[in-house]
Structures are given as C-alpha cells and as structure tokens.
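What follows is calculated from the coordinates using simple rules that are stated; it is not laboratory data. Values in this document were obtained by computation on a predicted structure and should not be read as measured data. Virtual Cβ from ideal backbone geometry, glycine too; neighbours counted across all protein chains shown.
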Amino acid sequence: MKKVLKLLSFTLVVLCGAATTPVTANNTAPIASQQVDCYGTYEEGLAEGRVIRTQLINEYGENTPAFTDALAIERARASEQWQTVSRECRPYWRGILDGL
C-alpha cells in the first residue's frame, strides 16, 4: 500500500507540476523544467510497466474498481511523460504505456 501511495503522490506531483510550469517571454518553458531523464530503452520501459501493473494487481486485485482507477492514473502519468520528453526518451515511456 505504501508503494502505491508513493507512486500516486509522485503521479500527482508530475501532473500538477506540468500544469504549473512557468512560461518565458518567447512562450517556451525554461530549460531546467524541460529536462527529463531517459531511464532506459523501450524494453526496460516495458518491463517497468509490467512491474507497476503487477504491483497494482497485488495491491487491489485484478479488474476491481480501485485497480482500474490506479491503472488509469499510471497510464495518464506515462502518457504525459511520453508527450513531453525529448524524442530520445520516448521509447522508454512508450514501453511503460505498453506494459501497463
């Protein structure tokens, strides 16, 4: 339960932080807020997505309303990251989406 709560709180920070990113005069976000680390390859992202899914199943049970909600939150987080990261980082986040 603690892992899921940490994961959900991280998700909220990521989603809320993305919504409050400051914009400069030329309508671009500052460089520091644009930097997102690449964590690995597509295959590593796929494995990470499967781990997250398994943790959610273990915590909530498969096909329960709580599982469905938690899975939707994780998909939204991964989708947000996939859309905002540099081209080089996208395979990792696509892998997570596919693994979920």
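The residues packed around F67, meaning those with a beta-carbon under 14 Å from its beta-carbon, carry a net charge of -2 if Lys and Arg are +1 and Asp and Glu are -1. Length gained on full extension, C38 to V51, computed as 0.36 nm times the residue gap minus the Cα-Cα distance: 2.9 nm.
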